[in-house]
1. Once a ≥ b ≥ c are taken as the square roots of the eigenvalues of the Cα gyration tensor of the range B:58-172, is the result rounded (a/c under 1.5), prolate (a/b larger than b/c) or oblate (a/b not larger than b/c)?
2. Counting other C-beta atoms within 10 Å, and keeping those with at most 12, which DSSP coil trypsin sites (Lys or Arg not before Pro) do you find in the range C:443-526?
3. Would you work out if chain C is rounded, prolate or oblate? Take a ≥ b ≥ c from the square roots of the eigenvalues of the alpha-carbon gyration tensor; rounded if a/c is under 1.5, else prolate when a/b is larger than b/c, oblate otherwise.
4. When only DSSP loop residues count, what GluC sites (Glu not before Pro) in the range B:203-279 have their Cβ near at most 16 other Cβ atoms within 10 Å?
5. For the range B:88-129 and the range C:23-63, what is the centre-to-centre distance using only Cα atoms, to the nearest Å?
6. Take A:Asn157 and A:Gln127, extend 7 Å from each Cα along the Cα→Cβ direction, and tell me the distance between the two endpoints in nm.
7. Can you tell me the FRET efficiency between C:Ala13 and A:Glu74 if r is taken as the Cβ-Cβ distance and R0 is 51 Å, rounded to the nearest 0.05?
8. Expressed as cubic angstrom per residue, what is the convex hull volume of the alpha carbon set of the range C:265-323?
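Read-outs: derived from the displayed coordinates by stated rules, not from any lab. Not measured: the values here are computed from a predicted model. Here Cβ is always computed from backbone atoms with ideal geometry, including for glycine, and neighbour counts include all displayed protein chains.
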Amino acid sequence: MSGKMQIKLKVNGEDHEFLAEPRELLVHALRERLNLTGSHVGCETGHCGVCTVTLNGKSVKSCTMFVAQADGAELTTVEGMGSPDNLHVLQEAFREHHGLQCGYCTPGMIMRAAKLLEEIPNPTEEQVRFGMAGNLCRCTGYQNIVKSIMAAASEMNSAKEAAQ
Amino acid sequence: MIPAAFDYHRPNDLNGVISLLQEHGDDARVIAGGHSLIPLMKLRMAEVPHLIDLQSISELTGIDSGSTIRIGAMTTQADIIDNASLASSAPILKEASLQIADPQVRYMGTVGGNVANGDPGNDMPGLMQCLDATFILRGPNGEREVKARDFYHAAYMTEREDDEVMVAVTFDAPKGGYAYEKQKRKIGDYATAAAAVIISKDGSTCKEASIAMTNLSDTPVFCAAASDSLIGTSVSAEDIKNAVNSMIDAIDPAEDNRGPVEFKKHAAAVVLSRAIERAWQRA
Amino acid sequence: MNDMTPDRNERQANLKGLGSSRKRVEDLRFTQGKGNYVDDIKLEGMLHGDFVRSPYAHARIKSINTDAAMALDGVLAVLTAKDLEPLGLHWMPTLAGDKQMVLADGKVLFQGQEVAYVVAKDRYIAADGAELVEVEYEELPVLVDPFEALKSDVVLREDLDPKADGAHGPRKHHNHIFTWEVGEKEATEQVLDSSDVVAEEMVYYHRTHPCPLETCGCVASMDKVNGKLTLYGTFQAPHAIRTVVSLISGLEEHNIRVISPDIGGGFGNKVGAYPGYVCSVVASIVTGLPVKWVEDRMENLMTTAFARDYWMKGKISATKEGKITGLWCHTTADHGGFDACADPTKFPAGFMNICTGSYDIPTAYLAVDGVYTNKAPGGVAYRCSFRVTEAAYFIERMIEVLAIELNMDAAELRRINFIKQDQFPYTSALGWEYDSGDYHTAWDKALVAVGYDDLRKEQAQRVEDFKAGKTRKLLGIGLTHFTEIVGAGPVKNCDILGLGMFDSCEIRIHPTGSAIARLGTISQGQGHATTFAQILASEIGLPADSITIEEGDTDTAPYGLGTYGSRSTPVAGAATAMAGRKIRAKAQMIAAYMLEVHDDDVEFDVDRFVVKGAPERFKTMKEIAFAAYNQAIPGIEPGLEAVSYYDPPNMTYPFGAYICVMEIDVDTGEHEIRQFYALDDCGTRINPMIIEGQVHGGLTEALAIAMGQEIAYDNMGNVKTGTLMDFFLPTAWETPNYTTDHTTTPSPHHPIGAKGVGESPNVGGVPAFSNAVHDAFRAFGLRQVHMPHDHWRIWKTANDLGLHG
C-alpha cells in the first residue's frame, strides 16, 4: 500500500507530471507541488469552497478530491484567470465593488463565479446567491460579492454585444 | 484532516470493478463523487485500503427518459438538473436535486453514490422509494434488481453485497403532481425533515399517492399507510392530517443538532402537509 | 499659477485622503490568488507538525507510547510534556495570568487537548504518526456546567493551590477562578428594592467561535548559524507574540523575528498564543529545520479560542414612567479548562462594565465569577472589544424585558433613558467616561428610516391575523441601540502581560515624495494598507497612492499591541496622524526656508505649504520632500522621518441604532430577514466603502451567532459542532441585504475624530436579531429565551407558548 502513482494534470494550459500518493488531496498537489497557492484550505469537509477550481468544466472543491481522481484532468485555478496587466473582469469587479476583505475566500469565489456566469450569463440576484451558495465568506456578508458578480455579468454581456 | 494511505484503482469496465471487489472484499470501496466518503476518510472514520474509482466506466452513465426512465449510477445531480427531457418526464428529480448540497457538490454527487451508501441523510433514497424505483446491481453472477423500498436495512446497511455495484436506477415516469419539500438549517445541510410526494388525480379525487420521508429514521421511510390513506379522498385538510398522522407512526427520528425528536416529528408533519398540498395543486 | 494648475478641490481629490472611498490596494494580489498566507510559506527542508489530541474531556494520562510513531519512516520526533519539562515549556502563561498546558501534563481538561506533537517530513506522515501514538487514559468525571462546577467535589485544576489567590484575587472554590466586582452593590440593591418596577432575567450568551476561514498556524524557523528564530504565524498581535516567545523560551528578543503575513480573517481567534506555536518553535530548535503547523478545521473549532459563554443574571429597575433607576448584574463566566481569556490585565471580564449601554443609569453593580469547566480555553473577543458584545446583548435584552414589565414600547423606553447629548463627556455608574455621542438623533433617524410606527401597526394586525388563523407567520421588530467601548487603551489602565496598550506608526518620506509607513498593528482583511495611507495623505499632503503601508514584521515595524478590539483606528490610526503631524511640522520649517519666510508665515494647504496671504507662493510636499534630502538647511537635520507612539487618553465609544424586521414561521421555526437597517456612528469616516463592507460582514457574523452558531457540548464534554456541517456559517443564500446609514459624531480626543467600526455590527447585530425573535412572540407572552435561535429552539418557544394548537 501507499505506493506512489504517476499523475498527469493540465493546469492553466500547462502540462504537469509527477509521482504522488493517491491519497494526496488535489488542493495540496496544486498548492505544494505546482506552487499554485491561490486555492486555499478552509473547512476540509466540502462546505466552504475556498479550494474551488474548475476541473473538466465543472466547479469542484479540490480539498474533497484525491489527486488520483484528478489524474488526466484539465484544470483552471485562479492563477489562470488573468494576469497582473490584464485582470479578468471578475477580478476587476471584486476590486471595484469591495467584494473581498481578507482575500482568503476570493480565489474560490472568483472561480465559482466564472463558471456560474458561463452557465447563466445574465443572472438575477437570487440566481447569484443560489449559485454561490457553495462558497463561504466570513468578512463581506456577501452583499458586495453579489454586487461584484452582477456587475461583472453586465460588463461581460456589454462586451459580448459590442463584439457582435 | 489527512486520510490514511490507500491503493487506487480506476478500472475501465464493470467486470474490472467486480473482480477488484471480489479480490479485496471488505477492504475495497467504490467511489463515485466522493463527497460522502472522502470527508469520512479524511476524518479517519472510514478505512479504505482499496479505493475503486468508477469515473471511467461508461456503462454507468446516461439518462434514458421515455415512459420508463433509467438513470446510470454515475449521473450527477448537475446532470439531472440540466437534463431537459428528464425535467419534463420526472420533474421531481430536478426539484429534489436542487435541494441537495451546493453547486460544486452537485457537479460531483451521483445518483448511484447517493442511493447506494445508505446514509439516512441522503435525499435520493427517499425520492426513489417515492418513485417506486428499482435499483440494478451487478455482481459476479450478473445483474439483479432490488426495489428501492426493499433496499435499506439500517444506516449504511443495505441489500447490496460487498462485491456488487450499483449500476442504475429505473422507474416508470411518474404521473400527476409532485413535490419535494425539505427543511434544512442552511444550504449544504442534510434535511431536518424532507418529504417526497407524488399524487395523481381522477377528477377531483386522488387516484394514486406515494409518500416517502428522508432523515427521519435510520433508513428512508416509504409511508405505505399514509400514501394509501389519501387514495380516493379529495385531499382535504382533514385527509392530509390523516396522512400526516400515518406518516408520524412510520418514522423514528433521532435527536441531533437539528433538534429533539419531538421537533423532528413536528417538522416532518409540516413538510409533508406542505408537500401534499403542493403536489395536489400540481396534480 | 496657470490654468493647468489643479484647483483646491482637485488637489484634495488627488490625495484620496479621509472620506474617500478609495479602492483597496490589497485587492490586486488577493483577486489573483497571490496573497501570502501562512500555509503558503514554503522553506527549504521544512517539516510539519501534527498533534495527538485527547478524545476525552477529563482524563488522567496513564501512559504515552511513542515507539510505533517514531518507527514510522519520515517521523523525526514526537514531543510529549516530558520532553518539554526540562525546558520549562510544558506549561505556558496565558494572557489572563493563568497558565495552560502546552502538552498534557498528567491529565487532560478538555476534548481535543494537545497530548503529543509529531514532527515529520510532510503533513501526511505527521498525521500518520499521530495515529500511531498510543495513549492510555483513565476517564474522570466531566464538568460542563459552570454552576455545577462551583458545587462539585471534582477538582479540575490539581496544579493550583485551592487556598492561594489566583491572578485576580481570592478564589472561592477549587473550580473558581476569580470574582470581579464593579459599582455599588448595596446602593444598587437599595434602589432595586425601592423602585416602582423591577425586571429580572437570566440572559445567556452561548459559547461560539470566531471561525475565520483560515485556521491558526505558524512556521517556526530556527537558524542555528545566526542564533535567530523567525516565526511566521497568523498573529493578530505579532509584537506581543515576540515578547511572549522571548519570555517563555529564554531567547533574547532581538534574536526573534515574528512575521504575520496575510491573515485570512481573525475575528479574535488569532490573538492568543497556542500550544502549536510553542511546539513548533521547540521542534525547530531541536531539529534545526523549519517546522510548519497549521490546525485543521476541527482543531480550530474544538481547541483554539472560543468566545462568549456568559450566564448573565440581571435585574433592572425603573419608575412607573419608565425612567431607569438601577441595574444589577451577576455573571457566571465559563472559561473552560484554563483561563486563557484575552483581556487587558486589570479587566478579567473585559469591558463587561460597559453593560449600562446607551442609557443614563444612575446606580449599577456588576459582579463576574470566572469558573473552570471541562471545555476548551479561550474567551476571546469575537469581533468585539473585550466582552462588549456580551454587555450589549445583556442590556439590550434587559431593556426589552423592562419594556414588557412596564407595558411600554421598547423604542420609547430607550428614548427616555438615553444619555443626552449635553451630558457628554458622561461618566457611567460603572466607571467609564463616554467621550461623545448623540443617541437621540441616531435613534430618530433609524425609526423614521424603517417606518417604525407603520411596522408596529402591521405587527399588531399580524397578531390579530395569527389569532384568527389567517397566517402562521409572525412579525418581529428587533431594536438595538448599542454603545461600544473600543480602542484599548490608555496605558494607565490597559495592558496585556504588562505591555501597555499604546500603538505606533513610523513614517519615512522618500526624496521623490512618496513614503512608507509602518505600524504595530496587522490587517486581517480590514484594509489597513488602504485606510492608513488615507489618514496620512490628509495629514502630510502626499497622495495615498504614493504611500506604502507595512505591518506585521517585528524587525521593521515599531512596537504595537496589534489588531483586535477595534483598536487599530482609535490607537494606531491616531499614531499615524500624530506621526504625520511631526512630518508636517518639519516640512513647515523646510518650506519656510525654501520660501525665505519665517516658519509662522507659512500654512498648510492640502498638499503644500503656502505663504500666508500669498497663496501663489508655495512649496508642494513633493518639493519639500526632495529638499529634505538635497539641501543643507541650517539647524535642520537632513531627511524626513517621524515616529509616534500613541497612548490614547481615553477609549472611543462608537454607537449605532439597528433595526431588524423578521418574519418567523411558527411551524418550522424558520425565519426570514425582511429588512435590516444599520446606522453606525463611528466618528470621522475614513473610507465609507470599507466601513460599509465592515458593517455587512459584522452583521452577517451576528446573524450567524444569533440564529444558529454555537459550540455545543454533550454531558461527556464531547464537542457536537466540530465541522462546518454543524457549526453554522450562513451562505449567500441565508444572508439578507442590509441597508447602512450613519451619523457622524467625532471623538473629541482622537486626532482625527475616528472611533473604529469593525466590531460595531457584531455588537449591535446580535441583540437586533435576537430582539426581533423575542419581539415576534411578545404579544404571546414571551420574555426571554436563549440563543441561538435555530429552527428547533424557535419551534420550542412557539410550542411552549401554546402556538401549535
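1. Prolate, since a/c reaches 1.5 and a/b exceeds b/c.
2. Those that pass, being in a loop and sparsely packed, are C:Lys470, C:Lys492.
3. oblate
4. Of the GluC sites (Glu not before Pro), the ones in loops of the range B:203-279 whose Cβ has at most 16 other Cβ atoms within 10 Å are B:Glu255.
5. 34 Å
6. 0.8 nm
7. For R0 = 51 Å, the calculated efficiency reads 0.65.
8. Working: hull volume 8.6 nm³, N = 59.
So the per-residue Cα hull volume is 145 Å³.
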